[in-house]
1. For the range 98-109: of the residues being within 21 Å of the chain's Cα centre (by Cα) and outside any helix (DSSP H, G or I), which is surrounded by the fewest Cβ atoms within 10 Å (Cβ to Cβ)?
2. Mind checking which residues of the range 26-40 are exposed (fewer than 14 other Cβ atoms within 10 Å of the Cβ) and on the phi < 0 side of the Ramachandran plot?
3. Pairs under 7 Å by beta carbon, first residue in the same structural domain as Phe330 (by TED's automatic domain parsing) and modelled with pLDDT of 95 or more in the range 116-128, partner acidic (Asp, Glu) and assigned to a helix (DSSP H, G or I), six or more apart or different chains?
4. Which members of the range 285-330 meet the condition of being acidic (Asp, Glu) and in contact (Cβ under 8 Å) with a residue 24 or more places away in the chain?
5. Looking only at residues that are among the aliphatic types (A, V, I, L, M) and assigned to a loop (DSSP other than H, G, I, E, B) in the range 179-203, which one is farthest from Ser145 (Cα to Cα)?
6. Thr302: more than 26 Å from Cys128 (Cα to Cα) and not aromatic (Phe, Trp, Tyr), yes or no?
7. Go through the range 57-82 and count every residue that is closer than 25 Å to Leu168 by Cα and either touching a Gly at 6+ places or on another chain (Cβ under 8 Å) or buried (at least 17 other Cβ atoms within 10 Å of the Cβ) (or both).
Amino acid sequence: MENQSFNSSCLSRFNNNIYRDVLSEAEIMGDEKALSDKETTGFILKKAKKVYFLPSAWVNNLPIRISDSHKIIDRTSVYHLIDKCSSVHITGDNTMDMRKLIDKLCNFKHTNDIHFTLYKIMCVCAYCGRVNWRVATPAAFGKDSVVDALRDLTNNCSRIDKASPAKLDYVLKFPFILCNEIASLKKEDKDVFLQFGLSAGAKQNKYTKPTRKSQGTKEIYDISKLSLCFTYNIASYYRDKGYSSFDESYPEQFLDRFIPFKMEGWIDVTQFKREGEVDFNEEYEKHKELYISILKKLVWLTNNPVVGKYKPNKETYVFGKGKYRWISDFELIYDYISLYAKDKKEFDMLTQELYNCHNRYLLEEIEQNFEGLLKEEVIIK
């Protein structure tokens, strides 16, 4: 039987068991408020179908596991007032090296193992560091699967499809947001999203929402740790259907904040078993320790900035004039690659292939004159 450790049915069991009855900052809806008695202050948090009221004194203990709560009615609102809880903090630990982490994470059969490995490294980099990128691939590459696995393991990142501003309001607490297929947003949503992308892409520390505050949201968000990234299908997929591609949908000042890559290949979906074909409770128990080890490693990487073992040859990678953000993000990714690579030779091969993915995007997706693009070049040193 194929290894089912990163089958979504296994990961959902892990997430439900570990994070059931756990509330984090991600569940906070809006600012501190007072109940109608004018004495009880706290924060409203929503999980599943329950709306909780957390006393202000306990907010710094988040994430918490609820031990006891009772229902209260405050005017026309119904809350579950938290009476007893315990703090839940996952301690980071260097449980494995980077190579094991990447190879174990979403260890799927793929027709382009090198590109899929690079994509996994980029996702871990986005979760643990701060980086902006965008990736175009053929359908079924597996773009969603890696981020979904990180989400189920950590409960601390998000993949959102059709990333409207309303959806963004509820995920901006996460350090890693992957937006999928946003080229077809309505004009009013796209305008708001454009402003958000400009702020996050410039790595600003605060984002001020351009629309009026609504119930359950706020106006200013801390995005100082946010990695905002994008995935979508290759341009021909949209053009063949009469739609605009990603690059045709957003202005250059937006696109220039996110270094682009074009990757190839697809996941063999026949490897995934369905409910009834395998005992997923048994599979979950078999792999639970692996999930915890990966989770602890991710926390450790977040708390311990990566220092690369190798550096590329300084004349190897060139970028067009003004693409300094691309250089910064590429450098952070290749630091993560250097911790994955078994030696300098493999590091050079992987970083060169990532750079090839970048050049392939420029040549094939936006159809620019690459020679002209490099007349004024910037060299990574």
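The values are calculated or read from the model by the stated rules, or taken from the named source; none is laboratory data. Quick caveat: nothing in here was measured; it's all calculated off a predicted structure. Methodologically, a virtual Cβ is constructed for each residue, glycine included, from the backbone with ideal geometry; neighbour enumeration extends over all protein chains shown.
1. Our first condition is that a residue be within 21 Å of the chain's Cα centre (by Cα); within the range 98-109, this holds for 98-108.
Subset that is outside any helix (DSSP H, G or I): 105-108.
Details: Leu105: 23, Cys106: 23, Asn107: 13, Phe108: 20.
If we take residues in the range 98-109 being within 21 Å of the chain's Cα centre (by Cα) and outside any helix (DSSP H, G or I), then Asn107 is surrounded by the fewest Cβ atoms within 10 Å (Cβ to Cβ).
2. Just the residues of the range 26-40 that are exposed (fewer than 14 other Cβ atoms within 10 Å of the Cβ), to begin with: 31-32, 34, 36-39.
Asp31, Glu32, Ala34, Ser36, Asp37, Glu39 - these are the residues of the range 26-40 that are exposed (fewer than 14 other Cβ atoms within 10 Å of the Cβ) and on the phi < 0 side of the Ramachandran plot.
3. That search, which allows pairs on different chains as well, returns Leu118/Glu353.
4. Taking the range 285-330 first, the residues acidic (Asp, Glu) are 285, 289, 315, 329.
Glu315, Asp329, listed by residue number.
5. Applying the first criterion (among the aliphatic types (A, V, I, L, M)) to the range 179-203 yields 182-183, 185, 192, 194, 198, 200, 202.
Add one more test, that the residue is assigned to a loop (DSSP other than H, G, I, E, B), and what stays is 182-183, 185, 202.
Values: Ile182: 18, Ala183: 21, Leu185: 23, Ala202: 27 Å.
By that ranking, first place goes to Ala202.
6. Numbers: more than 26 Å from Cys128 (Cα to Cα): no; not aromatic (Phe, Trp, Tyr): yes.
The answer is no for Thr302.
7. 5
The rows are residues; the columns are (1) closer than 21 Å to Thr111 by Cα; (2) in a helix (DSSP H, G or I); (3) touching a strand residue (DSSP E or B) at 6+ places or on another chain (Cβ under 9 Å); (4) not aromatic (Phe, Trp, Tyr).
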residue	(1), (2), (3), (4)
Phe261	yes, no, yes, no
Lys273	yes, no, no, yes
Lys296	no, yes, no, yes
Leu301	no, yes, no, yes
Val306	no, no, no, yes
Phe319	no, no, yes, no
Asp329	no, yes, yes, yes
Tyr336	no, yes, no, no
Gln352	yes, yes, no, yes
